[in-house]
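As structure tokens, the structure follows; a few thoughts come after it.
The values are calculated or read from the model by the stated rules, or taken from the named source; none is laboratory data. This one's a predicted model, so the numbers in the text were calculated from it and none came from an experiment. Cβ placement follows ideal geometry from the backbone for every residue including glycine, while neighbour counts extend to all protein chains displayed. Heads up: the accessible areas ignore ligands, DNA and RNA and are worked out on the full protein's heavy atoms, side chains in. Shrake-Rupley method; radii C 1.70, N 1.55, O 1.52, S 1.80 Å.
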Amino acid sequence: MSAVPAVINVDVPGPVINRHLYGHFAEHLGRCVYGGFYVGEDSDLPNEGGLRLDVVDALRALNIPNLRWPGGCFADEYHWMDGVGPKERRPIMVNTHWGNVEENNHFGTHEFMALCELLGAEPYISGNVGSGTVREMSDWVEYLTREGDSPMVRLRKENGREEPWRVRFWGLGNEAWGCGGHMSAAQYAAEARKFGTYCRDHGDNQLYRIAAGANSFDYAWTETLMKQLGELGCAYRPAPFMQALSVHYYTLTGTWQDKGQATDFGTDDHYRTMVQAARVDELLTGHSNVMDCYDPGRNVGLVLDEWGTWWNVEPGTNPGFLYQQNTLRDALVAGLHFDVFHRHADRLVMANIAQTVNVLQAMILTDPESGALVLTPTYHVFEMNKGHQDAASLRVDLPSGLPSREVGEDRLATVSLSASRKDGRILVSLSNLDADEAADVDLDLRGGSVTDVRARILTADRLQDHNTPEAPATVAPRPHDQVTATASGLRVHLPARSFVTVEGSLDGR
Ligand code: AHR
């Protein structure tokens with residue numbers, strides 16, 4: 001096996017990898033909030049104000065930078081006033097999007113803010129543009145962030161919170177092209193102008209307003225928003241009511257009716273999944289190119305605020321709850337996405353995995369009966385990669401390309417990697433997507449040498465392997481000793497179907 005050469009100029013730092021690329025998403029959907037994050041104050045499970053503490057502790061280890069809430073589709077039917085004040089007086093609503101279940105509003109604004117404080121994460125609130133009013137959203141901003149005296153400040157104080165919170169990130173609706181109101185891009189742009197205008201900066205809480213963006217490859221949507229939410233002149237100026245726009249992209253290989261099983265799949269399904277995951281590069285390039293035409297100075301941020309795998313629900317579970325298992329294949333999807341994100345660090349300012357607990361490509365699964373908590377393979381990729389947060393990306397040049405294989409009409413590069421440096425240390429992440437073949441990568445580190453090298457690996461006997469309460473560490477990281485020094489850097493051995501991180505101290509040459 002010949003090694004893949006990869007040249008990294010460690011003394012030429014690229015754009016900083018925004019920590020918010022490692023963001024999360026929690027929707028009122030299935031058992032993400034209720035039964036996941038929030039078990040209620042009467043639960044036997046250790047909790048603080050109803051927030052499950054072992055879930056919080058596990059997530060703190062990921063350095064979660066931000067948490068998006070309350071949806072998703074749910075955001076556009078959520079009325080925040082129903083979720084503040086004494087719990088016994090909060091009205092019950094119906095969650096029409098997700099299983100038609102009754103929502104008692106016991107997890108509302110104060111509970112969400114308490115969760116963010118426990119996690120050490122910044123809140124990212126998705127406002128209701130679809131069925132809400134401009135006033136409602138404007139009041140929510142005032143309730144959360146204003147100091148002094150005002151109707152909303154008084155209400156917040158009555159509800160037990162004296163000081164304002166700091167909430168920078170506000171989503172102006174969600175999927176306005178679909179569940180968020182079935183609008184055209186032009187209609188939505190007009191709505192976003194209004195909602196964005198009346199979401200005010202109170203005091204020094206400067207809002208970062210994120211317009212609801214395109215469905216996957218719909219570049220026309222992005223173009224309309226760029227035109228209508230900015231001011232065209234000699235130089236493009238983003239309007240004061242929009243600082244970023246979003247896009248959603250799920251890795252989905254089947255049809256919406258039959259998306260394929262999370263654990264019962266073949267090698268061909270695995271490769272098709274990797275092809276779909278790798279297309280996130282094309283997607284981000286496409287949207288960035290459109291944005292560059294209007295905003296070459298890159299003042300408007302691109303936010304991928306929903307991404308991840310979407311499989312059929314686990315047999316016997318509520319189809320509206322989107323509960324799926326998570327295998328080594330999902331971990332490789334995550335590793336691949338992060339490599340792409342790092343390469344787009346100059347435009348991509350935030351990304352949010354869908355979703356953090358018990359829904360879609362989750363970090364944590366909890367058992368509804370026993371309460372047992374399981375960390376998924378995807379969790380471990382987030383943990384192993386957390387050193388990239390706020391690090392300077394390092395360009396990786398591949399003089400001989402990457403090994404690849406044909407997948408239907410597509411060609412899949414079976415090795416993926418990215419690198420960054422921070423505080424005198426380098427972190428390189430490498431994935432071998434091949435189901436059966438190992439690969440070696442020669443890291444040619446120019447402009448510095450590396451000492452104190454430590455490597456970890458996430459792999460398993462089978463791509464389908466996953467963690468359960470009975471076998472929680474089937475797919476878990478362990479030290480990797482197959483990294484050797486070479487004249488110009490390091491040779492990293494990547495067993496088939498593996499994700500590896502290599503880190504070390506940099507000494508300038
Ligand atoms: O994450 C699940 C759903 O997927 C979200 O509610 C919606 O925005 C998207 O279609």
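Of note:
- For segment 244-268, the tally of residues that are charged (D, E, K, R) and surrounded by 17 or more Cβ atoms within 10 Å (Cβ to Cβ) stands at 1.
- Counted residues, segment 105-120 - those being over 13 Å from residue 56 (Cβ atoms) and either polar (S, T, N, Q) or open to solvent by 10 Å² or more (accessible area, probe 1.4 Å) (or both): 4
- Search result, residues across segment 62-111 that are away from the ligand (no atom under 12 Å from the Cβ) and aliphatic (A, V, I, L, M): 62, 64, 67, 81, 84, 92, 93, 94, 101
- Each residue in segment 15-34 was checked for being away from the ligand (no atom under 16 Å from the Cβ) and either touching a Phe, Trp or Tyr at 6+ places or on another chain (Cβ under 6 Å) or open to solvent by less than 30 Å² (accessible area, probe 1.4 Å) (or both), and 4 of them qualify.
- Hits in segment 324-377 - residues which are more than 21 Å from residue 282 (Cβ to Cβ) and assigned to a helix (DSSP H, G or I): 328, 331, 377
- Checking segment 366-374 against the condition returns no match, with no residue being in contact with a Gly (Cβ under 7 Å, 6 or more places away or on another chain), in contact (Cβ under 8 Å) with a residue 24 or more places away in the chain, within 15 Å of the ligand (Cβ to nearest atom) and more than 18 Å from residue 247 (Cα to Cα).
- Filter pass, residue 261 being in a loop (DSSP other than H, G, I, E, B), within 16 Å of the ligand (Cβ to nearest atom) and either over 22 Å from residue 384 (Cα atoms) or of a type in the set (Val, Ile, Thr) (or both): no
- Answer residue from segment 67-87, given it is open to solvent by 10 Å² or more (accessible area, probe 1.4 Å) and over 16 Å from residue 182 (Cβ atoms) and is nearest to the chain's Cα centre (by Cα) among those: 79
- The residue of segment 307-320 that is nearest to the ligand (Cβ to nearest atom), among those that are farther than 18 Å from residue 373 by Cα and open to solvent by 10 Å² or more (accessible area, probe 1.4 Å), is 310.
- Reported count of residues in segment 138-166, each being open to solvent by 70 Å² or more (accessible area, probe 1.4 Å), among the acidic types (Asp, Glu) and not in a loop (DSSP other than H, G, I, E, B), is 1.
- Residue within segment 128-137 that is under 20 Å from residue 85 (Cα atoms), assigned to a helix (DSSP H, G or I) and open to solvent by less than 50 Å² (accessible area, probe 1.4 Å) present: yes
- Strands (runs of 3 or more DSSP E) lying entirely in segment 405-509 (those with 1 or more residues that are in contact with a Phe, Trp or Tyr (Cβ under 8 Å, 6 or more places away or on another chain)): 410-413, 415-422, 425-432, 448-459
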